[in-house]
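J.: This is the structure I want to talk about, given as structure tokens.
The values are calculated or read from the model by the stated rules, or taken from the named source; none is laboratory data. Only a predicted model underlies this, so the values are computations on that prediction, with no experimental measurement involved. Note: ideal-geometry Cβ built from the backbone for every residue, glycine included; neighbour counts use all protein chains shown. Quick note on the areas: whole protein, heavy atoms, side chains included, nothing else; ligands and nucleic acids left out. Shrake-Rupley method; radii C 1.70, N 1.55, O 1.52, S 1.80 Å.
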Amino acid sequence: MDIRLQHVMPRPLQDQPLAKDSDIWGKDIILSAGQQIKITARSGRGKTSLVHFLAGLRNDYTGSIYIGNKNPMNCVPEDLAQLRREELGIVFQDLRLFPELTIRENTEVKKFLPRIPISENTIEDMAAELGIDALLGTPAGICSYGEQQRGAILRTLSQPFRWLILDEPFSHLDEINKEKAIQLISTTVNQRQAGMILLDLEPDNYFKYHQQFHL
């Protein structure tokens with residue numbers, strides 16, 4: 001399932017000369033299924049906006065986005081919900097954990113989805129790899145931001161996806177925990193033969209990227 005961006009431009013930024021030096025805004029590009037992709041963007045270039053556009057959470061842009069054969073802007077609510085549940089796994093910059101729920105309960109929000117059944121042992125194993133197995137019974141809201149960040153990664157990896165989208169996923173992790181998260185993400189993405197888009201402020205060599213873009 002490829003992702004195609006056809007001359008997409010955020011409306012709030014359309015009066016700025018973004019298209020001249022952006023590899024994405026205003027361009028016609030294809031992100032091929034199964035590829036690992038890095039998008040580097042300075043602050044104010046619309047990085048989080050792009051994540052929201054792909055998820056169909058915002059439609060204040062010109063141009064068209066296709067995820068497979070679906071255009072999020074034109075999807076009926078049921079199809080858009082299915083796209084988010086089954087095709088896109090997203091670690092948002094603001095995490096979007098339910099603070100009153102435990103880390104474990106946050107991973108169970110979409111547990112009813114059948115396409116990639118996740119056993120309790122697998123969740124515990126992944127939590128152990130991330131170093132948060134002792135926090136599974138702890139409400140997310142009282143965890144540190146770094147612990148919540150790992151909780152958000154755990155939640156997303158425990159759900160179905162054909163594309164994994166990560167918006168500054170390691171911003172509050174030390175090097176040891178960052179390496180743990182990178183290893184688990186890499187293993188999971190490769191096992192599922194999924195695509196991955198990582199958006200961040202600076203270039204990195206966390207993964208073996210097939211394509212790299214500047215936003």
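J.: Looking at residue 114, is it open to solvent by 70 Å² or more (accessible area, probe 1.4 Å), modelled with pLDDT of 90 or more and at negative phi?
T.: Considered against the rule, which asks whether it is open to solvent by 70 Å² or more (accessible area, probe 1.4 Å), modelled with pLDDT of 90 or more and at negative phi, residue 114 comes out as no.
J.: Can you tell me which condition residue 41 does not meet? The list is (1) more than 29 Å from residue 78 (Cβ to Cβ); (2) without any contact (Cβ under 8 Å) to a residue 12 or more places away in the chain, and all the others hold.
T.: Result: residue 41 fails condition (2) only.
J.: Just the residues that are surrounded by fewer than 18 Cβ atoms within 10 Å (Cβ to Cβ), assigned to a strand (DSSP E or B) and within 19 Å of the chain's Cα centre (by Cα), please, taken from region 1-28.
T.: 4
J.: On to the next question. Please specify each residue of region 190-215 satisfying the condition of being among the aliphatic types (A, V, I, L, M) and either surrounded by 15 or more Cβ atoms within 10 Å (Cβ to Cβ) or assigned to a strand (DSSP E or B) (or both). Show your work before the answer.
T.: Filtering region 190-215 for residues among the aliphatic types (A, V, I, L, M) gives 194, 196-199, 201, 215.
Matches in region 190-215: 194, 196, 197, 198, 199, 215.
J.: Looking at (1) assigned to a strand (DSSP E or B); (2) touching a residue at least 60 places away in the same chain (Cβ under 8 Å), which is the one condition that is false for residue 62?
T.: That leaves (2) as the condition not met.
J.: Quick check on region 1-13. Is at least one of its residues free of Cβ contacts under 8 Å to residues at least 12 places away in the same chain and among the polar types (S, T, N, Q)?
T.: no
J.: Specify the residue that is farthest from residue 91 (Cα to Cα); the eligible residues are those in region 45-80 that are open to solvent by less than 30 Å² (accessible area, probe 1.4 Å) and among the aliphatic types (A, V, I, L, M).
T.: If we take residues in region 45-80 being open to solvent by less than 30 Å² (accessible area, probe 1.4 Å) and among the aliphatic types (A, V, I, L, M), then 65 is farthest from residue 91 (Cα to Cα).
J.: Follow-up. Restricting to region 141-189, count the residues that are assigned to a helix (DSSP H, G or I), closer than 18 Å to residue 35 by Cα and open to solvent by 20 Å² or more (accessible area, probe 1.4 Å).
T.: 3
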